[in-house]
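*Asks:* One structure follows; several queries about it will come next.
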Amino acid sequence: MKLVPIGNDATRFRARIDDLDMPVRRIFNLDRLLDAVRTRTMGLAAPHGWDDPREDLAALCMLDGSRLSPPRPQQQQLADFLAPAWAQCWSSNPGSDTLLRAYSRVDRDPKTQKNRDRAFEGVTVTTTVRHLLAAAEAWHADGADCHVVVGRVEYLPDSEIGQRIVNACNGAEGPGFFRSVQGRADGLMWKRDYFAHEQEVRLLIIARAWPKDAPVPPFREVRIDPDLLFREISFDPRLNAAEVREREAEFRAAGFGGPFRLDTSYQKILHLLEMRRTWDGP
């Protein structure tokens, strides 16, 4: 594999994804998604702000050359080789109660039967890898200051993630492996298997040039066309029908023209059983 230096022209990659039309989903916070539709922008977060403190393990490593001949007396941070990056988490999971409850909270008022915890309510958005990569064309038009990678996360034991970093640093490219687009992206898509249920597909943007002493902002906003990127929107299935209609009206007022899908995961279903023999009464 020919490694692409991060300073080269902007590129778009996919990693460990064969089908560009594979659907991926993300549960956005309701009010943040409304803001994204209104402003036609979407935020990606820097690794230092992610919930898992062991993410971007390469940024937490020191290079120890004390056993070399001749030895290198000073340790160096592997972080010195890492370009700033920002990411957004999507999932190939078709839907699960575990993910729903992790990213959306509904607390029903016993009188109104409406959700009284809107601040933590989530909305499921579906798109495809192809549409995520297509959106990157607009970001490149904004100055092409970043590479874009969409890849399937690999879930590994902690020890294996560490060993992969050791192997890369002692390989042909040395720590410079992480100065390549593929190397930086790989390091950001190795995740401990504690989170394997997420089936994560990660959208990454990696800065091509960044002043060494400049602070890395916790978020990067990218512009989007919500009607093109968001293939469909569905609301928390624990909401009642009136609330769903209210949410749909809010999104239409914000400018969303795409389709909504009714999530029936929490609807009761009455089953009519065809009897082929008589039965005794209760």
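The values are calculated or read from the model by the stated rules, or taken from the named source; none is laboratory data. From a predicted model like this one, the values you see are computed outputs, not experimental measurements. Quick reminder, even Gly has a Cβ in these numbers, built from the backbone with ideal geometry, and neighbours come from all protein chains shown. Areas reflect the complete protein model, heavy atoms only, side chains present, ligands, DNA and RNA absent. Shrake-Rupley method; radii C 1.70, N 1.55, O 1.52, S 1.80 Å.
*Asks:* Work out the charge dipole of the chain with +1 on the Cβ of Lys and Arg and -1 on the Cβ of Asp and Glu about the Cα centre, then indicate which of Asn93, Leu82, Asn115 is farthest towards its positive end.
*Replies:* Asn115
*Asks:* Hey, what's region 124-257 come to in accessible area per residue, 1.4 Å probe, Å²?
*Replies:* 44 Å²
*Asks:* Quote the FRET efficiency, to the nearest 0.05, computed for Leu60 versus Asp19 with a Förster distance R0 of 51 Å and r equal to the Cβ-Cβ distance.
*Replies:* 0.95
*Asks:* Heavy atoms only, probe 1.4 Å: what % of the accessible area of the chain goes to carbon and sulfur, would you let me know?
*Replies:* 52 percent
*Asks:* Right, another one. Kindly state, as a whole number, the per residue volume in cubic angstrom of the convex hull around the alpha carbon atoms of region 144-196.
*Replies:* 74 Å³
*Asks:* Let me ask something else. Can you return the lysines within cross-link range of Lys114? Criterion is Cα-Cα under 23 Å, with same-chain partners fewer than 8 residues away left out.
*Replies:* Lys268
*Asks:* Now, a different point. Points 7 angstrom from Cα along the Cβ direction at Asp193 and Arg223: gap in nanometres?
*Replies:* In this crude label model, Asp193 to Arg223 measures out at 4.5 nm.
*Asks:* Using the reciprocal of the averaged 1/r over all distinct C-alpha pairs, how large is the Kirkwood radius of region 78-199 in Å?
*Replies:* 17.6 Å
*Asks:* Beyond 15 Å, what share of the Cα-Cα pairs of region 10-55 remains, rounded to the nearest whole percent?
*Replies:* Tail fraction, whole percent: 69.
*Asks:* Right, next: What residues from region 114-131 fall in the zone where the backbone N is under 20 Å from a label point 7 Å along the Cα-to-C-beta line of Asp31?
*Replies:* 114-125
*Asks:* Follow-up question, since we're still on this one. Could you work out the relative contact order of region 210-273, using alpha carbon pairs under 8 angstrom and six or more residues apart, expressed as a whole percent?
*Replies:* 41 percent
*Asks:* Keeping all protein chains in place and using 1.4 angstrom, which order do Tyr266, Tyr103, Tyr155, Tyr194 fall into by accessible surface area, from largest down?
*Replies:* Tyr194, Tyr103, Tyr266, Tyr155
*Asks:* Among Ile233, Pro215, Ala59, which residue has its Cα furthest toward the positive end of the charge dipole of the chain, with +1 on Lys/Arg Cβ and -1 on Asp/Glu Cβ?
*Replies:* Ile233
*Asks:* Which ³J(HN,Hα) values in Hz, rounded to whole numbers, follow from the phi angles of region 276-282 under the Karplus curve 6.51 cos²θ - 1.76 cosθ + 1.60, where θ = phi - 60° and Gly and Pro get x?
*Replies:* Result, rounded to whole Hz: 10, 8, 6, 8, 7, x, x.
*Asks:* Another one. Report the full-extension gain for the segment Met1 to Asp97: residue separation times 0.36 nm, less the Cα-Cα distance, to one decimal in nm.
*Replies:* Length gained, Met1 through Asp97: 30.6 nm.
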